[in-house]
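Scroll down for the structure; my scribbles are underneath it.
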Amino acid sequence: MSERTKLGLRIGVAAVLMGVLGDNLLREFPWGLNFALWAAALAVVCLALAAYRSEALAGGGYWLLAPAVLFPFGTVWRGSAVLKALDVTATLIALSLLVLRAQGRKIRDAGLFEYALGGAVAGLNAAFAPFLLLIKDIRWLELKGHHATKPALAVGRGILFSIPPFFVFAGLLMSADPVFKDLIENTLHLSLLDVIVHSFFAALFTWIVAGLLRGTLMGDECAKAMKSRMSWPHVGITESAIVLGLVDFLFLAFVLVQLRYFFGGADLVQKSIGLTYAEYARNGFFELVAVAALVLPLLLVSHWLLAKDKPENERVFRYLAGAQILLLFVIMTSALQRMRLYQREYGLTELRVYTMAFMLWLAVVFVWFTATVLRGQRKWFAFGALATGYLSIVVLHGLNPDALIARTNLARAYEGRAFDANYVSSLSEDAAPVLVHAIAQSGQPSLSPQDRCKLSAHLLENWSARGEDDWRTWSWARTSAYRVVQENVQSLRAVIIRDKSKNK
């Protein structure tokens, strides 16, 4: 039996095990402990199989398994749906880079094109590579002639051939006789629908894992794509200078207007355009964030297409791009100022927090762009941007956005400003300890009776009893919410009774 067939069989067995584990773990939402355990098992499988392709993770490639394992544990730490989505995204990026690294590309030196290529190759492998594994990589005739595999193949073929008639006849017989249906369901504790659902998810996770493992341990698509990479036409410095120069001029005009309003304040804004300062801030923040987000691809593409045959071309680009980044920082400062005013008037929301975090990450990326691309070290840019992105997600977990939103909006309520109890109640379990403390505190500025009653009812309804929570969805945030609410059940109920009586 050839080594390729042996490796293909090992990948197939590992994928089936991960598929069964995924069906048992990942069908329960929201993801928490289940996703962390499944990701850890996948990392163990990768480590075990990497021995059969030594170059896959050799030379420092093993560090890519760290984010693939650590970020899933973020779903155990926090309950915010946005943070969980960021954790899953960070994990998928790590897996795509693992495929890229295993196929011979250096992650620290790779450019944005190669990072995108890694994501595309990983996705295509997850979707289609199992076909290659079954048709090309595993040479079934070798198994047929191997004495040790004959019984296993016979059993496997028998099980495979029996599946269609079993499901067809079982469905018909269970539909024909309710007593037989009840006997089967009570004996196996499974309905026909349950069997179909379990089979579907097990097959889905098996397919995806088989594709990723095949791409990591047997694939060479990245190398082929880089060899056949088409050459793009270069653009002269004249064209680049016109594009960047016009944008610089536009940014300069906007900055001059902003400086006028910075010094003129609210009175100048109201006289000029008839808006309050808070309305003026609300109308511009997200547009300025979009501007900041679009400048980065503009500069990267312009530098990528620039003809670099003459040193002066790089020098002119450096001046124009540097001026654009300086002006952009003034624009971003204006956006942050608007958000500060906006938050003071209307409070915080998830959208505002995460958008502001995104803009701060962009500011760091622009500094890194200046230190790398504008200094002739473009190859380091993508890795640094990825590392700062990962670090930003870690910082957000430490910051605990939902708790921050609850604290900020409660502080506004203590000052007599508008408070949206309905929105605060919609936050995840991360905010529960903050809300309980705000309701239970004495001798401090407090909420209105209506808001206290509404928040208390929300906390008691969602976190006073564990109910039938599945262990697979366990998270520290949820456990903390249950604990703090259960410790204050009596005081929360007393708040509802007392505040309802005041309103009568």
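Structure notes:
- Overall form of region 1-157 per C-alpha gyration tensor (a/c, 1.5; a/b vs b/c): oblate
- Label assignment, Cα Rg over 2.2 N^0.38 Å derived from the structure, set (i) 0.90; (ii) 0.98; (iii) 1.24: (iii)
- Partners of residue 6 within straight-line reach, counting aspartates and glutamates whose Cα lies under 20 Å from its Cα and excluding those fewer than 8 residues away in the same chain: 55, 137, 142, 220.
- Close amide H contacts of residue 306 (hydrogens built in the peptide plane, cut-off under 5 Å, sequence separation of 5 or more or a different chain): 235.
- Packing rank of 88-98, 125-135, where each peptide gets the mean count of other beta carbons within 10 Å, highest leading: 88-98, 125-135
- Ordering 35, 132, 304 by Cα displacement along the dipole of the chain toward the positive end leaves 304 in first place; charges were set at the Cβ atoms of Lys, Arg (+1) and Asp, Glu (-1).
- Comparing 380, 408, 395 along the charge dipole axis of region 349-480, the residue lying farthest to the positive side is 380, per the Cβ-charge model.
- The chain: DSSP helices with Cα axial extent of at least 24 Å and average Kyte-Doolittle hydropathy no lower than 0.5: 3-25, 33-50, 81-102, 112-132, 150-176, 192-217, 237-273, 285-305, 350-372, 381-399
- Dipole of the chain [Lys/Arg +1, Asp/Glu -1 at C-beta], most positive-end residue of 119, 337, 244: 244
- Only the Cβ atoms of Lys and Arg (+1) and of Asp and Glu (-1) were treated as charged; on that basis the dipole of region 319-409 about its Cα centre amounts to roughly 240 debye.
- Normalised per residue, the accessible area of the chain is 52 Å², obtained with a 1.4 Å probe and no contribution from ligands, DNA or RNA.
- Loop-resident sites, region 37-103, for chymotrypsin sites (Phe, Trp or Tyr not before Pro), counting at most 16 other Cβ within 10 Å (DSSP): 52
- Charge dipole (Cα centre; +1 on Lys/Arg Cβ, -1 on Asp/Glu Cβ; no other charges) of the chain amounts to roughly 800 debye.
- Accessible carbon and sulfur surface of region 347-386 relative to its total accessible area, %, 1.4 Å: 73 percent
- Projected label distance in nm at residue 172 and residue 411, using a 7 Å step from Cα toward the beta-carbon: 7.1 nm
- Applying a threshold of 26 Å to the alpha-carbon distances of 106/308; 136/379; 136/227; 227/308 flags 136/379 as lying beyond it.
- For the chain, relative contact order (Cα pairs under 8 Å, six or more residues apart, normalised by length) works out to 20 percent.
The values are calculated or read from the model by the stated rules, or taken from the named source; none is laboratory data. Quick caveat, the model's predicted, so the values are computed rather than measured. Methodologically, a virtual Cβ is constructed for each residue, glycine included, from the backbone with ideal geometry; neighbour enumeration extends over all protein chains shown. Note: accessible area is taken over every heavy atom of the protein model, side chains too, but ligands, DNA and RNA are not part of it. Shrake-Rupley method; radii C 1.70, N 1.55, O 1.52, S 1.80 Å.
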